[in-house]
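Engineer: Below is one structure. I have some questions about it.
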Amino acid sequence: MSTTTEELAATSLLRFATAGSVDDGKSTLVGRLLHDSKSVLADQLEAVEHASRQRGQQTPDLALLTDGLRAEREQGITIDVAYRYFATPRRRFILADTPGHVQYTRNMVTGASTAELTVVLVDARNGVVEQTRRHAAVAALLRVPHVVLAVNKMDLVEYAEPVFAKIAEEFTAYAAELGVPEVTAIPISALGGDNVVTPSAHMDWYGGPTILEHLETVPVGTDPTGAPARFPVQYVIRPQTAEHPDYRGYAGQIASGVLRVGDRVTVLPSGATSTITGIDVLGEPVDVAWAPQSVTVLLADDLDISRGDLLAPAATAPAVTQDITATACHLHERPLRVGERVLLKHGTRTVKAIVKGLPYRINLTAGLSHETEPGELSANDIGAVVLRTAQPLPVDAYADSRLTGSFLLIDPADGTTLTAGMVGEAFAAADDTNPTVDDDGWDF
């Protein structure tokens, strides 16, 4: 590898998440990854060693590097998503260690929502279990581009290749049913460090990459020119100073695609059009900018544009609608019910909305079967939701854009986040049933 290529790789960032059933060894894997890649400070390791000795353990419990909550340490489980930041000479990483318990599935949704890769752990003794299938389905639902199957605790099955091969075959077949584009299976022992950072001396039958090697070399990011430009406006800049008396700029982060000076754009949801006359990045003018840069855009016309509006190329602008059918992951303890009045946050815009229907709930343990018209979605449930918004929204399908195809449902009374939504269908076509409800004053 040339120096130029190494320098380029070192600037790349991979966001990834770990998932799997209870006690499959997720936190231990993360701890081993941090320890063996020399990403742990001396005082952190000393604190882990001290805590391990207090618990009567002879060797450091590397899981404690991520399980920071008191309840997590006392019970030996992961409850909340733990984020860790580390780097190697080849790449930078943001890691989300997610819980394994069924009741914390929503936390896995949170951790994987921005991930480009998910590591799904399986205990070699137990094979693919219900929670393994659930987490694979969530990864597929969130359109995570890369999935790694880490068959852990191979030391407890005498490093037997047939055990690994059987689990890898079963998981890969299930992932294919979900539409997962790529699965990389790696046999490991997180406790002993086999195939985590260094190749295992006990599994000479395996010739693939270690976990870290795969993380360092898997393709990340997407070609910004491959998707239509989307620019949610966050703030309107009007200095009105003697130096800039007529400056009107629209600041925000490019969600996808490329913006160029001279592009003809449409302002949504109004539908007004104009031409980009300037783009500022960190106060300096540029001719072109791309996702995920934060920029200020200047237009040829003085239009009524405010926070929440979306700029998009006139030729490839998204559809504007008040009726949204989406897949929803319910996050709150209070159920989401038909007829409920909520706030819908999409990009930088927040509007009122009504839950018009809940066509089905997905049973992740029974071959992705649908329970039609459940009436409500409880915490950790995944299903379809039909919404009617008070104002038109420019939305993309989540399959086309994870940013402009996603939204949150919020309790208008206290601002609590209730549900994460992804525009479009999940794994199969939903029932078109749209029950009539009493809007009770929210008639859109």
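The values are calculated or read from the model by the stated rules, or taken from the named source; none is laboratory data. On a predicted model such as this, the values are computed, not experimentally measured, just so you know. When the accessible area is computed, the model is the full protein with side chains, heavy atoms only, and any ligands, DNA or RNA have been set aside. Shrake-Rupley method; radii C 1.70, N 1.55, O 1.52, S 1.80 Å.
Engineer: Please list log₁₀ I(q)/I(0) at q = 0.15, 0.32 Å⁻¹ for the stretch 220-265, using the Debye equation with identical point scatterers on the alpha-carbon positions.
Structural biologist: -0.53, -1.13
Engineer: Another one. What is the log10 of I(q)/I(0) for the stretch 138-290, computed with the Debye formula using one identical point scatterer on each Cα and no solvent, at q = 0.12 Å⁻¹?
Structural biologist: Per q value, in the given order, log10 I(q)/I(0) is -0.71.
Engineer: Just to confirm my numbers, what's the Cα centroid distance between the stretch 232-263 and the stretch 359-417 in Å?
Structural biologist: Comparing the Cα centres of the stretch 232-263 and the stretch 359-417, I get a distance of 33 Å.
Engineer: In whole Hz and in residue order, list the ³J(HN,Hα) couplings for the stretch 147-157 that follow from phi through the Karplus curve 6.51 cos²θ - 1.76 cosθ + 1.60, θ = phi - 60°; x for Gly and Pro.
Structural biologist: Those phi angles translate into 10, 10, 9, 9, 7, 8, 6, 5, 5, 8, 10 Hz.
Engineer: State whether the stretch 257-415 is rounded, prolate or oblate according to the following rule on the C-alpha gyration tensor (a ≥ b ≥ c being the square roots of its eigenvalues): a/c under 1.5 gives rounded; otherwise a/b larger than b/c gives prolate, and the remaining case gives oblate.
Structural biologist: The shape class here is prolate.
Engineer: Moving to a separate point now. What does the convex hull of the alpha-carbon atoms of the stretch 227-345 project to on average, in nm²?
Structural biologist: Averaging across all directions leaves 9.5 nm² for the Cα convex hull.
Engineer: Counting only protein heavy atoms and using a 1.4 Å probe, what share of the accessible area of the stretch 161-244 belongs to carbon plus sulfur, as a whole percent?
Structural biologist: Carbon and sulfur: 54 percent of the exposed surface of the stretch 161-244.
Engineer: While we're here: Just to make sure I understand: if all protein chains stay in place, what is the order of S369, S12 by accessible area at 1.4 Å, largest first?
Structural biologist: The most accessible residue leads, giving S369, S12.
Engineer: Could you sort K345, K356 by their accessible area in this structure, using a 1.4 Å probe and putting the largest first?
Structural biologist: K345, K356
Engineer: Under 20 Å from the Cα of K345, which lysines turn up, not counting those fewer than eight places away in the same chain?
Structural biologist: List returned: K356.
Engineer: Could I ask something else about it? How big is the convex hull of the Cα atoms of the stretch 205-246, per residue, in Å³?
Structural biologist: Measuring per residue, one finds 180 Å³ for the Cα hull of the stretch 205-246.
Engineer: Using only protein heavy atoms and a 1.4 Å probe, report how much of W290 is accessible, in Å² to the nearest 10.
Structural biologist: Only protein atoms counted, so the area is about 110 Å².
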